[in-house]
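To keep things clear, I will list the structure first and then write my remarks on it.
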Amino acid sequence: MQIQLKCSCGEGNCLEWAIIELQGVVEVQPGFQDQLQDLEIGRLCRPSQDTYTFTVGYHELTGSKVPLKKPLVVLKKIKHLRMEESSDVNSSSSSEVELEVIGIIRHRILFKTRPKALISRPPPVVKERNHAEGSVASG
Amino acid sequence: MEQQLMCPKGGAGSVLNLNPGSALSIAYHTKYGPHDDILLLELDEKLLPDVTNQRVFLRGQPDEDAVLCTQSKTYAIKFVGTSNSVCLVPPSNQSEMGKELQDRAGNGCDHEAATVIKLASGSMEIVEVAPRLDKLKSLLSQAPYGIEEASEMEVEGMERDKTGLYKWDDLVNEVQASDGELRSGLQALSAVEIDGYWRIIDDSYMDMILRMLLHNSVLMDWPLNALDQDEVLGVLESDGFPRKVAHHCLSMYGDKSEEDGSKCIWKLDEKRVCVHFARNILREGKMKMEKFIEEWSRRIPPGMEASLQMLDGEVLTEKLGIDTWVRGFSVSSLPSTPSERFSILFRERPRWDWKDLQPYIRDLSIPGLSLEGLLLKYTRRVQPSPDAEPVFTAR
C-alpha cells in the first residue's frame, strides 16, 4: 500500500506551529487531572530580546527561542471509515488512511533549566481555577 | 492585520512573535488530548518542496516497516521519543473554538492566549536507505512471460488469469522503493510492460528469440552491428514472436545506435550476447573449463569474440586436481541486502580473493556506506604477508 502525503498549503506557505518544550512534566493539581481542557498552564514572558520565561504555578523556567536544525512537518492521519473510527490505531486497512500536512514547525521555545521557585505568590493559580471552573460550567 | 492587532487571536504566531517585554497566557486547548492522529515528521529543508508538491509517499505492507519515498530516493522511518514535555501549539485559526470560549467566559479580546493541543511523545526521523528491490524480483518471477502465453490465441471475451501479474500501480503498492528506483529496478531485471503488466521474459523463451534473430541475420545477411529494427521485428513477427517481445530482445542484447525519423538501427552488444550463451551452457551444472570454452565458442555468433573477462560476476572457477572447473554463479541471482549477500557468498566459499569477490559486491549500494565500509562490516581481511594478496573471510 502507499499513502501520499497530501498538502494543500502551497509552496512555502504551510501554517507555522510552535513548540514550547520543557524538561520533565507539568504536574496538574489532582482535582483537574481529568479536565485539562482550557486550563491555563502558565504565562510565557519575553523579558528581553533573547530570554523567555515560563511561569507555571510557583515555578519559573528560563529559556530561549531556538530554531530547529531541520523543520518538523505536522501530519494528520485521516481515516475514511463510515463507522466510528476503531480504537485500534493499527487495525485500519490500507486505502482508507490519508496523511495530510497541516503545518510546519521551525522554532521551539526551549526551557532546559531547572525551575526556580518564586517567592511571592503569583495570581495565576487563582485564575487557573476560575478559568477552569468557568469552562466546565460553559461546556 | 489591523483586526489582529486589536483582538489578537493567540496561537503559534503569538508565541513565536512575542514582543520583548510582553507576556502571553499558555493554556490547554479546548480540544486538548492525546491526538494520536497528529504526527511530527522531521524532514530536511530540501525535501519540503517535494512535500508541498505532493510527491512524497509512504510505502509498505502492514507487515513491513513503512518507508518514505520521494521521486528518486527511499528513506527508512524511525520514531525518536523524548522525555521532555513537548507542547504543540497550533496556529490561531485552529484554536478558534478555545478563543470563543475564552471570550464567552468574559476574558475579552485583551486576553491573549496560546493553546496547547497535545504533548508530542517524539517525532519521526528519516534516514536514506537502499530501495527494497528484492521483492520486485520475486514478484515478477511468479509468472514470467513464456512461449505458452505468446502462442496462446487471443480469444475474444476470454479472461486471462491475472494472478502473479503486476501493473505499475500494483508495484508501487507492493515494493518499497521510489518511482525512480523502481524504474531502474525494472530495467535491471530486463522487465517489459506487456498489455499493461510488467513482466520478465522466461529465459528459455528469450534464448529462443535471440537464436532466431541470429539465425535470421545469417539467412538475411544482416550485420549484427547495424540491424534495421523494422526489418528484424517484421521477420521475427512472421516467425511467431510478438512484436513487443521481439523488440525487448533487441533492447536486452543491443543498443540503439542511430535513429533518424523513420529508421531505427540497433547494434548487438558482444558482451551481453556472449554472457547469455555462457549462462545457458552452465545452466545444467559445472563443466571442465576446456569443454566449456569449446561449447561457448561454438554457440557464439560469427563476428563476436568471447573472453573470460566477460564472465566476471557470472561464473566461479575452481581447481580440482589438474582440472579447472567452471560453474554458473550469477551476481544477478543474489540478494541486494549486504548481510544476505555476504552470507550467501561465504556459504559458497569461505575464503575469497579480492579479484573474485569484487564482481559480486560492486553493485551493492548502501547510502552512507562505501564498499570499503561494507568490507569492514561484513568481512575479515587476512593478509598473510605484506606483499600477499588480501583474502576475505566471514566476520
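The values are calculated or read from the model by the stated rules, or taken from the named source; none is laboratory data. These figures come from a predicted structure and were not determined experimentally. Cβ: placed from backbone, ideal geometry, glycine included. Neighbour counts: every protein chain shown.
What pairs come out if I take residues in segment B:369-395 that are in the same structural domain as residue B:350 (by TED's automatic domain parsing) and pair them with residues that are hydroxyl-bearing (Ser, Thr, Tyr) and at pLDDT 90 or above whose C-beta lies under 6 Å away, six or more apart or interchain?
B:380/B:393; B:392/B:379; B:395/B:378; B:395/B:379
Determine whether segment B:305-321 contains at least one residue that is more than 30 Å from residue B:226 (Cβ to Cβ), out of contact with any strand residue (DSSP E or B) (no Cβ under 8 Å at 6 or more places or on another chain) and exposed (fewer than 15 other Cβ atoms within 10 Å of the Cβ).
Yes, segment B:305-321 has at least one match.
Out of the residues in segment B:56-89 that are modelled with pLDDT of 95 or more and part of a loop (DSSP other than H, G, I, E, B), which is nearest to the other protein chains (Cβ to nearest Cβ)?
Filtering segment B:56-89 for residues that are modelled with pLDDT of 95 or more and part of a loop (DSSP other than H, G, I, E, B), the one nearest to the other protein chains (Cβ to nearest Cβ) comes out as B:56.
For (1) part of a loop (DSSP other than H, G, I, E, B); (2) modelled with pLDDT of 95 or more; (3) closer than 26 Å to residue B:281 by Cβ, each residue gets a yes or a no:
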position: B:182; (1), (2), (3): no, yes, no
position: B:225; (1), (2), (3): yes, no, yes
position: B:233; (1), (2), (3): no, yes, no
position: B:240; (1), (2), (3): yes, no, yes
position: B:249; (1), (2), (3): no, yes, yes
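Being part of a strand (DSSP E or B) and among the hydrophobic types (A, V, I, L, M, F, W, C) is true for just one of B:392, B:342, B:346. Which residue is that?
Matching residue, one of B:392, B:342, B:346: B:392.
State which residue is farthest from residue A:103 (Cα to Cα) when the search covers only segment B:43-56 and only residues that are buried (at least 21 other Cβ atoms within 10 Å of the Cβ) and touching a Leu at 6+ places or on another chain (Cβ under 7 Å).
B:56
Looking at segment A:60-83 only, could you name the residues that are outside any loop (DSSP other than H, G, I, E, B), more than 7 Å from chain B (Cβ to nearest Cβ) and not small (Gly, Ala, Ser)? Break it down into steps so the answer makes sense when it comes.
First, the residues of segment A:60-83 that are outside any loop (DSSP other than H, G, I, E, B): A:60-79.
Imposing the further condition that a residue be more than 7 Å from chain B (Cβ to nearest Cβ) reduces the set to A:60-69, A:78-79.
If the condition is that a residue be outside any loop (DSSP other than H, G, I, E, B), more than 7 Å from chain B (Cβ to nearest Cβ) and not small (Gly, Ala, Ser), then A:60, A:61, A:62, A:65, A:66, A:67, A:68, A:69, A:78, A:79 are the ones that fit.
Is it fair to say residue B:375 is within 30 Å of residue B:126 (Cα to Cα) and either under 22 Å from the mean Cα position of the chain (by Cα) or not hydroxyl-bearing (Ser, Thr, Tyr) (or both)? Steps first, please.
On the way: within 30 Å of residue B:126 (Cα to Cα): yes; either under 22 Å from the mean Cα position of the chain (by Cα) or not hydroxyl-bearing (Ser, Thr, Tyr) (or both): yes.
So residue B:375 fits the description; yes.
Of the residues that sit in segment B:287-325 and are of a type in the set (Val, Ile, Thr) and under 31 Å from the mean Cα position of the chain (by Cα), which one is farthest from residue B:270 (Cα to Cα)?
Filtering first and then ranking leaves B:317.
Please verify whether segment B:107-121 includes one or more residues that are under 30 Å from residue B:166 (Cα atoms), at pLDDT 95 or above and assigned to a strand (DSSP E or B).
no
Can residue B:178 be described as at pLDDT below 95, hydroxyl-bearing (Ser, Thr, Tyr) and under 29 Å from the mean Cα position of the chain (by Cα)?
So residue B:178 does not fit the description; no.
Which one of these is more than 7 Å from chain A (Cβ to nearest Cβ) and either over 21 Å from residue B:92 (Cα atoms) or modelled with pLDDT of 95 or more (or both): B:40, B:47?
B:47 is the lone residue from the list that is more than 7 Å from chain A (Cβ to nearest Cβ) and either over 21 Å from residue B:92 (Cα atoms) or modelled with pLDDT of 95 or more (or both).
Which numbered condition trips up residue B:20, out of (1) facing another protein chain (nearest Cβ under 7 Å); (2) touching a Cys at 6+ places or on another chain (Cβ under 8 Å)?
(2)
Out of everything in segment B:185-211 that is in a helix (DSSP H, G or I) and of a type in the set (S, T, N, Q), what residue ends up being nearest to residue B:253 (Cα to Cα)?
Looking at the filtered set, the residue picked out is B:187.
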